[in-house]
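A quick write-up on the structure given underneath.
The values are calculated or read from the model by the stated rules, or taken from the named source; none is laboratory data. What you are looking at is a predicted structure, and each value in this text was computed from that prediction instead of being measured. Positions of Cβ are backbone-derived with ideal geometry, glycine not excepted, and every protein chain shown enters the neighbour counts. Just so you know, the surface numbers come from the protein's heavy atoms only, side chains and all, with ligands and any DNA or RNA stripped out. Shrake-Rupley method; radii C 1.70, N 1.55, O 1.52, S 1.80 Å.
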Amino acid sequence: MVELQYPFDADYILSKKKKLRRQLLEDENANYIDKKIAILGGSTTSDIKLILELFLLEYGIRPSFYESEYNQFYQDSVFENPKLEEFKPDIIFVHTNNRNITDYPNMADTAEQVQQLLDNEMSKFTAVWQGLESRYNCPIIQNNFEMPYFRLLGNRDAYDIHGATNFLTRLNIMFYEYAQTHDNFHICDINYISADYGLKAWSDPFYWHMYKYALAVPAIPYLAFNVANIIKSILGKNKKGFVLDLDNTLWGGVVGDDGVEGIVLGPEESEGQAYSEFQRYIKAHQQLGIILNINSKNDYENAIAGINHPDSAFKESDFISFKANWEPKDINFVQIADELSLLPESLVFIDDNPAERHIVTKQLKGVRAPEISDISHYIELIDRSGFFEVTNLSTDDLNRNEMYQENAARTKLMNSFSDYDDYLKSLEMTATIKAFEPLYMARIAQLTNKSNQFNLTTRRFTVTELEELAANPDYITIYGKLEDKFGDNGVVSVVIGRIVGDSCHIDLWLMSCRVLKRDMEHAMMDVLVKKCTDLGLSKIYGYYIPTPKNKMVADFYDTMGYKFVEENIWELMIEDYCNIRKGIHIEVCE
């Protein structure tokens with residue numbers, strides 16, 4: 001829904017929130033995941049909840065809410081709360097602000113006394129977080145503190161230990177240090193958000209004195225949007241890469257008309273500097289594992305010449321797929337997604353041409369294409385959109401570009417074989433298949449929340465839920481890594497089986513699409529059967545819950561030798577099973 005995409009009209013969202021909610025919930029093609037969100041506020045939160053719901057629905061997350069009474073965040077966190085315990089939140093958002101600080105320094109306080117005030121505030125919030133963690137064991141989102149509405153000491157307020165600005169800055173740093181050592185704890189940076197919005201407008205005291213809102217009501221959509229970005233990132237719903245135009249997007253001018261020497265890029269003029277800065281910004285995303293691709297209406301030779309411009313931040317190898325031709329861009333976009341084994345909606349389209357953006361987004365549901373127009377603001381629009389909000393950086397994330405480059409090499413090798421089995425053998429594949437372990441828990445959770453195509457039941461799990469299942473003897477939990485002569489694909493498959501009597505019921509089976517048709521599903525099946533056999537089980541029941549995105553696995557159990565029982569349920573007698581993998585050696589199985 002374009003009304004909920006950055007840059008949005010906050011006043012429109014606030015005034016039309018009921019209409020927008022109704023339209024989102026009436027979307028027959030929506031494939032929502034249901035999550036329980038608790039909002040514990042140090043101020044009024046009712047409109048925050050309503051607007052947060054809109055952005056979450058836009059991200060495919062259908063929330064139900066627990067909302068604390070006014071300024072009861074501490075009591076709800078530290079003391080027993082039967083209602084919240086019954087609610088069993090999946091994620092908790094602690095919405096506090098600088099008006100919730102109990103004691104600020106006085107000018108007569110010594111450095112030791114100021115430090116004690118800081119420690120007291122930190123102890124209060126630590127009690128909140130630890131109380132929530134011990135009871136609910138779920139991700140916590142905590143606001144840091146916006147800067148004060150006034151500075152008693154003027155500019156000295158920032159560096160004098162008695163200044164409120166200094167006090168809040170030091171307390172923020174203490175929050176950050178806590179976040180750095182607690183993986184399930186995330187900061188909503190209202191210090192930055194309020195500055196970006198405009199601190200004077202954000203902190204307008206009218207809204208506090210009239211409604212007990214700690215921020216101006218018109219600013220609520222900006223806060224809610226940022227919280228929604230954190231939640232969708234926790235749940236694995238980030239975008240995975242860019243699809244980039246070239247002319248007037250990565251450089252000024254048209255390389256086919258102006259020639260390489262005529263395009264605008266580099267330090268000689270202000271516009272060229274802006275394009276250079278934008279290129280560096282896009283390239284920096286590779287450090288986060290964001291993949292880059294090209295979709296340009298150009299002759300290939302001209303496009304490559306532009307990329308090789310002396311002032312270009314890029315080289316051809318920075319891009320996984322490079323489409324420079326005269327085909328419609330929506331067709332190229334689909335081909336790029338197919339080559340990457342991704343859904344088109346996983347990719348962000350960056351193109352200066354509004355007509356091209358319109359065609360791609362209308363033809364390909366879920367693709368985002370920010371409305372860039374002035375190179376000076378390209379970075380702002382993309383950055384504020386929150387496509388790649390980082391809540392966790394796994395090793396697989398950091399190595400994603402390398403993995404996709406290796407996949408391109410595999411595809412090239414495959415095309416040289418006439419026999420597919422010979423191709424699989426040539427890859428020299430080795431699978432490591434083991435029970436869930438802490439090292440990979442974040443990656444496993446990420447896979448459960450973002451894998452849609454090869455996902456038989458599309459159940460979603462948090463790290464906490466996976467840890468509980470891994471420790472439960474009534475469950476079989478295995479993950480699979482796959483390596484070959486080109487490199488390590490990382491964790492690519494997950495199976496969760498629930499033991500009932502003499503049977504194993506498959507609650508989750510998923511696989512990353514980047515290893516499709518590589519025999520990994522057969523290796524996972526072989527190991528699952530072995531584990532069931534070791535436990536004395538005689539049957540395995542598989543479940544397929546159809547969604548608009550997982551049609552590719554509709555006949556999965558049939559191809560694996562299961563017998564149809566009834567709609568969406570399949571059965572395998574373990575004694576009838578024979579190992580079926582062909583091209584993979586299983587190195588480790590524990």
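Suppose we filter Asp196, Asp157, Asp183, Asp204 for residues that are within 20 Å of Gly386 (Cβ to Cβ) and not aromatic (Phe, Trp, Tyr); which single one remains?
Working: Asp157 fails: within 20 Å of Gly386 (Cβ to Cβ); Asp183 fails: within 20 Å of Gly386 (Cβ to Cβ); Asp204 fails: within 20 Å of Gly386 (Cβ to Cβ).
Checking each option against the conditions leaves just Asp196.
Looking across region 108-137 at every residue that is modelled with pLDDT under 95 and among the polar types (S, T, N, Q), the one that is surrounded by the fewest Cβ atoms within 10 Å (Cβ to Cβ) is identified as Ser134.
When Lys83, Lys88 are screened for being surrounded by fewer than 16 Cβ atoms within 10 Å (Cβ to Cβ), on the phi > 0 side of the Ramachandran plot and not aliphatic (A, V, I, L, M), only Lys88 passes. Of the residues making up region 10-28, none is in contact with a Phe, Trp or Tyr (Cβ under 9 Å, 6 or more places away or on another chain), closer than 21 Å to Thr464 by Cβ and either open to solvent by 20 Å² or more (accessible area, probe 1.4 Å) or part of a helix (DSSP H, G or I) (or both).
Across region 522-551, what is the number of residues that are open to solvent by 30 Å² or more (accessible area, probe 1.4 Å), closer than 14 Å to Leu456 by Cβ and in contact (Cβ under 8 Å) with a residue 60 or more places away in the chain?
Kept after step one, since they are open to solvent by 30 Å² or more (accessible area, probe 1.4 Å), are these residues of region 522-551: 522, 530-531, 533-536, 538-539, 541, 543, 545-546, 548-549, 551.
Keeping just the survivors that are closer than 14 Å to Leu456 by Cβ gives 541, 543, 545-546, 549, 551.
If we keep only those that are in contact (Cβ under 8 Å) with a residue 60 or more places away in the chain too, we end up with 543, 545, 549.
The total comes to 3.
Selection within region 196-226: residues that are hydroxyl-bearing (Ser, Thr, Tyr) and over 15 Å from Leu50 (Cα atoms). The member of this set that is surrounded by the most Cβ atoms within 10 Å (Cβ to Cβ) is Ser203. Number of residues in region 242-270 that are over 21 Å from Asp383 (Cβ atoms), of a type in the set (Val, Ile, Thr) and touching a residue at least 24 places away in the same chain (Cβ under 8 Å): the value is 3. All conditions but one from (1) in a strand (DSSP E or B); (2) in contact (Cβ under 8 Å) with a residue 60 or more places away in the chain; (3) surrounded by 12 or more Cβ atoms within 10 Å (Cβ to Cβ) apply to Val565; the one that does not is (2).
Mind listing whichever residues of region 138-157 are assigned to a loop (DSSP other than H, G, I, E, B) and either open to solvent by 10 Å² or more (accessible area, probe 1.4 Å) or farther than 13 Å from Thr96 by Cα (or both)? Listed by number, the residues that qualify are Cys138, Pro139, Met147, Pro148, Tyr149, Phe150, Arg151, Leu152, Leu153. Pairing residues of region 206-220 that are part of a loop (DSSP other than H, G, I, E, B) with residues that are open to solvent by 40 Å² or more (accessible area, probe 1.4 Å), at Cβ distances under 6 Å and at least 6 apart in sequence or on separate chains, gives Tyr213/Tyr207; Ala214/Arg99; Ala216/Ala201; Ala216/Asp204; Ala216/Tyr207. Scanning region 40-80 for residues that are among the aliphatic types (A, V, I, L, M), crowded, with 19+ Cβ neighbours inside 10 Å and part of a helix (DSSP H, G or I) returns Ile48, Ile51, Leu52, Leu54, Leu56, Leu57. Among the residues examined, Glu261 does not qualify as of a type in the set (Asp, Glu), part of a loop (DSSP other than H, G, I, E, B) and open to solvent by 20 Å² or more (accessible area, probe 1.4 Å).
Residues in region 172-195 that are open to solvent by 50 Å² or more (accessible area, probe 1.4 Å) and without any contact (Cβ under 8 Å) to a residue 40 or more places away in the chain: Ile173, Tyr176, Glu177, Gln180, Thr181, Tyr192.
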